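Novice: Pasting a structure below so you can have a look.
The values are calculated or read from the model by the stated rules, or taken from the named source; none is laboratory data. Fair warning: this is a prediction, and the values are worked out from it, not measured in the lab. Cβ: placed from backbone, ideal geometry, glycine included. Neighbour counts: every protein chain shown.
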Amino acid sequence: MKLHFETQAIHVGSDSDAATGAVIPPIYATSTYEQEAPGVHKGFDYSRADNPTRQRLEHALAALEGAEYAITFASGVAATSAVVTLLKPKDHVLAGDDTYGGTYRLFEQIYRKYGLEFSYVDTSCLDSVSIQKNTKMIWIESPTNPLMKITDIAGVAKRKKGALLVVDNTFASPYLQRPLELGADLAMHSTTKYLGGHSDLIGGALMTNDKAIYEELKFIQKAVGAIPSPFDCFLVHRGIKTLAVRMKAHSENAQRIAEFLSESPKVKNVYYPGLPSHPQHEVARRQMRAFSGMLSFELKADATRFLRNLKVIVLAESLGGIESLINHPAIMTHASLPAEERTRRGIGDNLLRLSVGIEHPDDLIADLENALSAI
């Protein structure tokens, strides 16, 4: 029987404990496992290699992403790093020009010195996706961070010419978007965000249908050792059980807030794919179930005074939690970008990124209205 997303999220990887009948399986907080003889064991020998709690989570994540395989990591950046280690010196990565600052920092300050080549284009414009002879990977976010650009994933997949297409699906979550079904080779997530959903863990994940890629990444996971703890795996697994209902609420709240901000005379621009005015609105409608809880907006006046007058929405790094978080990209998430690079991308000093939570939308709008009145 084919199960719907909501049912899979609750039941896959969550069979009752065989030993006790516990409906919620126990956390296997162990580093090692007894062996009957050298190499003879019950499928587990050392928890860096595998752990029952992590294995349950990986089965669940694969099901939600529509993938055969999932591999989890200690953070989203660790998952990104694992993907890049599939490459060799002189390989070229074509990346989106509006990426998370931590991804740009990893590419430019860590991996470029090992002989990898990186270039950045606006992947929301398919004509910009030009594959070089040595292009081995295409790295895109959709929606992007922080300007919420949308890339036609299926369109890029048709142009990849053998390059590995990786989609950072963090902003959408598997509930809203399934990159593998659109032609991507790998879907990547910071499980810290919507999958965990409660701002209480750090983690990352990769999903694929390619067995060879999976086996290589599984080896990297074991060899490098950037693994999530059993407790963090438990928290992510608990979080995804409510992913569908949370994403519906996030998306509904964000739509209302985007519409409210669009009407404010103190707001210069609003970036949200759910608005008909968004340049890629129709692409988003085609490949997403809804438009997520992420939006950005640019104020006409000083952002600092606005931020100081917020009472409900919290100024903090990260996103995707049940609470609303606001971020100043130029100073926070994208501070690692050189100033000229931020300017080129359009990340100005009055640009703010809002992760809309699942509070009552009237309270969030009142909070924003109050802060706008102060500038």
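Novice: Find the helices (runs of 4 or more DSSP H) located wholly in the range 271-375 whose residues include 2 or more that are within 18 Å of I150 (Cα to Cα) and of a type in the set (A, V, I, L, M, F, W, C), and list them.
Specialist: Ranges flagged: 281-287.
Novice: A further question follows. Please go through (1) assigned by TED's automatic domain parsing to the domain that holds K193; (2) not in a loop (DSSP other than H, G, I, E, B) for A258 and return the number of the only condition it doesn't satisfy.
Specialist: If we test A258 against (1) assigned by TED's automatic domain parsing to the domain that holds K193; (2) not in a loop (DSSP other than H, G, I, E, B), just (1) comes out false.
Novice: Considering only the range 41-66, how many residues are of a type in the set (F, W, Y) and in contact (Cβ under 8 Å) with a residue 12 or more places away in the chain?
Specialist: Adding up the residues that qualify gives 1.
Novice: Looking at the range 132-160 only, could you name the residues that are touching a residue at least 40 places away in the same chain (Cβ under 8 Å) and charged (D, E, K, R)?
Specialist: Scanning the range 132-160 gives K136, E141, K149, D152.
Novice: Only residues in the range 249-263 that are without any contact (Cβ under 8 Å) to a residue 40 or more places away in the chain and buried (at least 17 other Cβ atoms within 10 Å of the Cβ) count as the first member; pair them with residues that are outside any helix (DSSP H, G or I) and hydroxyl-bearing (S, T, Y), Cβ under 7 angstrom, at least 6 apart or cross-chain, and list the lot.
Specialist: Filtered contacts from the range 249-263: A258/Y272.
Novice: Against the conditions (1) within 29 Å of E58 (Cβ to Cβ); (2) at pLDDT 95 or above, where does L315 fall short? Just the number, please.
Specialist: It is condition (1) that L315 fails.
Novice: Any residue that is in contact with a helix residue (DSSP H, G or I) (Cβ under 6 Å, 6 or more places away or on another chain) and without any contact (Cβ under 8 Å) to a residue 40 or more places away in the chain - is there at least one of those in the range 280-296?
Specialist: no
Novice: Within the range 116-149, how many residues are within 28 Å of S277 (Cβ to Cβ) and either of a type outside the set (A, V, I, L, M) or in the same structural domain as L275 (by TED's automatic domain parsing) (or both)?
Specialist: The total comes to 15.
Novice: Right, something else. Under 6 Å between Cβ atoms, which residue pairs at least 6 apart in sequence (or on different chains) link something in the range 93-122 that is farther than 16 Å from N134 by Cα with a partner that is in a loop (DSSP other than H, G, I, E, B) and of a type in the set (G, A, S)?
Specialist: G101/S336; R105/S336
Novice: Quick check: is even one residue across the range 72-95 of a type in the set (F, W, Y), under 27 Å from A284 (Cα atoms) and under 20 Å from the mean Cα position of the chain (by Cα)?
Specialist: Within the range 72-95, none of the residues are of a type in the set (F, W, Y), under 27 Å from A284 (Cα atoms) and under 20 Å from the mean Cα position of the chain (by Cα).
Novice: Would a scan of the range 179-191 turn up a residue that is among the β-branched types (V, I, T), more than 20 Å from Q287 (Cα to Cα) and surrounded by fewer than 24 Cβ atoms within 10 Å (Cβ to Cβ)?
Specialist: no
Novice: Looking for whichever is part of a helix (DSSP H, G or I) and assigned by TED's automatic domain parsing to the domain that holds L186 here; the options are Q35, Q55. Which one fits?
Specialist: Testing whether each residue is part of a helix (DSSP H, G or I) and assigned by TED's automatic domain parsing to the domain that holds L186 leaves just Q55.
Novice: State yes or no: is V129 of a type in the set (V, I, T) and either free of Cβ contacts under 8 Å to residues at least 24 places away in the same chain or in contact with a Phe, Trp or Tyr (Cβ under 7 Å, 6 or more places away or on another chain) (or both)?
Specialist: So V129 fails the test.
Novice: Please state which of the following conditions I227 fails to meet, knowing it meets all the rest: (1) of a type in the set (V, I, T); (2) out of contact with any Lys or Arg (no Cβ under 7 Å at 6 or more places or on another chain); (3) assigned by TED's automatic domain parsing to the domain that holds A205.
Specialist: (2)
Novice: When the range 264-294 is examined, which residues are found to be of a type in the set (S, T, N, Q) and either buried (at least 20 other Cβ atoms within 10 Å of the Cβ) or over 25 Å from G321 (Cα atoms) (or both)?
Specialist: Within the range 264-294, S264, S277, Q280, Q287, S292 meet the criteria.
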